[in-house]
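Here is the structure we will look at, set down as structure tokens.
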Amino acid sequence: MRETKAPKLAPQYAPTGFCRCPVPQGEAWVSTDGAKPRTTWGISSSARPDAPVLGGWLGNSLGAGLAEFRMSKADYYETHAAEFVAATVAADMSALRHRFLSALPPSQTGSVRILDAGSGSGRDARAFREAGFAVSAFDASAAMVTATRAYAGVPTRRMRFEDFDWEHRFEGIWACASLLHVARQDLLPAIARLARHLVPGGVLYLSFKSGTQTRIKDGRRFTDITSDDLGPPDIWETRDCRPDSGAEIWVNALVKC
């Protein structure tokens, strides 16, 4: 891919440490933070001139995934709801939540608004609500919507990432272990859709299982990502905090738009 120079975006819209380069398929973002130059794909919104831009993301490794796989991940959660909730609702995610909350901007309109994107058992939505934030949530699974409403006590909608839309923006969007079910070729549009619903300076958290494959396990698609696939500077790896999954490594990222 040929790179061309372009001026940096305004700080509130450009991810720290990246500059924008137009390419035929959209835009690329090139690291300017002193590290070895690396070009990765980015997406920007053409819907509104004030929409935040998401860049430095998910590089050339994002090609076609298991396009022939058509089973919705929601099917698994409908039939294994009780088992999944029991395995995840008590997982200690407090350190990750603290890192996310510490990065949120103040609200200009009242309460700081957080969206739990792919809320599962409602574990994190409940923690955010109890910390005093205005929390909304969504999940593709009807069973998980029911679980979130019951456990977290927050407004929760049934919705897929591929169809995501909301009537207002958020200071923070928390996509913990949820985007990993989106097909590899659909990840960039899904992430860009979330980013367009952040206020300027808003923060998006997301996590994936560490790896290079798109794979099927228990009827669910997993799109694995490595830290090298992600461009933003705030990336770190953690071990799975569930007792029976401690060997698994997760790639975490915070993006400020």
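From Gly211, Gly201, Gly219, Gly172, which residue is at pLDDT 90 or above and more than 13 Å from the chain's Cα centre (by Cα)? Spell out how you get there, then give the answer.
Details: Gly211 fails: at pLDDT 90 or above; Gly219 fails: at pLDDT 90 or above; Gly172 fails: more than 13 Å from the chain's Cα centre (by Cα).
Being at pLDDT 90 or above and more than 13 Å from the chain's Cα centre (by Cα) holds for just one of Gly211, Gly201, Gly219, Gly172, which is Gly201.
Of all the numbered requirements in (1) over 18 Å from the mean Cα position of the chain (by Cα); (2) at pLDDT below 95, Met93 misses one, and that requirement is (1). Within the stretch 187-222, the set of residues being more than 20 Å from Asp116 (Cβ to Cβ) and part of a helix (DSSP H, G or I) comprises Leu188, Pro189. Taking the conditions (1) closer than 21 Å to Phe84 by Cα; (2) at pLDDT 80 or above; (3) not aliphatic (A, V, I, L, M) in turn, Arg196 satisfies each one other than (1).
Going through the stretch 103-125 one residue at a time, which ones are part of a helix (DSSP H, G or I), among the charged types (D, E, K, R) and in contact with an Asp or Glu (Cβ under 6 Å, 6 or more places away or on another chain)? Steps first, answer last, please.
Step one: list which residues in the stretch 103-125 are part of a helix (DSSP H, G or I), which gives 123-125.
Narrowing further to those that are among the charged types (D, E, K, R): 123-124.
Hit for the stretch 103-125 is Asp124, nothing else.
Among the conditions (1) free of Cβ contacts under 8 Å to residues at least 40 places away in the same chain; (2) within 17 Å of Glu248 (Cα to Cα), Asp186 misses just one, which is (2). When you check Ala137 against the structure, is it among the aliphatic types (A, V, I, L, M), in contact with a Lys or Arg (Cβ under 9 Å, 6 or more places away or on another chain) and buried (at least 23 other Cβ atoms within 10 Å of the Cβ), yes or no? It is true that Ala137 is among the aliphatic types (A, V, I, L, M), in contact with a Lys or Arg (Cβ under 9 Å, 6 or more places away or on another chain) and buried (at least 23 other Cβ atoms within 10 Å of the Cβ).
Filtered by the rule that a residue be surrounded by fewer than 18 Cβ atoms within 10 Å (Cβ to Cβ) and in a loop (DSSP other than H, G, I, E, B), the stretch 92-102 gives a lone residue, Asp92. Scanning the stretch 127-166 for residues that are within 23 Å of Ala103 (Cβ to Cβ), of a type in the set (A, V, I, L, M, F, W, C) and assigned to a helix (DSSP H, G or I) gives Ala127, Phe128, Ala152, Phe161.
For Gly122, the test of being over 18 Å from Leu198 (Cβ atoms), modelled with pLDDT of 95 or more and surrounded by fewer than 16 Cβ atoms within 10 Å (Cβ to Cβ) is failed.
Pairs linking a residue in the stretch 136-152 that is closer than 10 Å to Ala81 by Cα to a residue that is not in a helix (DSSP H, G or I) and not charged (D, E, K, R), with Cβ atoms under 7 Å and 6 or more positions apart or on different chains, are Met144/Ser119; Met144/Gly120; Ala147/Ser121; Ala147/Gly122. When Gly219 is tested against (1) surrounded by fewer than 21 Cβ atoms within 10 Å (Cβ to Cβ); (2) in contact with a strand residue (DSSP E or B) (Cβ under 7 Å, 6 or more places away or on another chain); (3) in contact (Cβ under 8 Å) with a residue 60 or more places away in the chain; (4) small (Gly, Ala, Ser), exactly one condition is not met: (2). Pairs only if they're at least six apart or on different chains, beta carbon under 9 angstrom, first in the stretch 118-131 and touching a residue at least 12 places away in the same chain (Cβ under 8 Å) and farther than 20 Å from Ala143 by Cα, second outside any helix (DSSP H, G or I) and among the charged types (D, E, K, R); list them, first residue then second. The qualifying pairs are Phe128/Asp116.
The values are calculated or read from the model by the stated rules, or taken from the named source; none is laboratory data. Keep in mind that what you see is a predicted model, and the values were worked out from it rather than measured. All Cβ positions, even for glycine, are placed from backbone atoms using ideal geometry, and neighbour counts span all protein chains on display.
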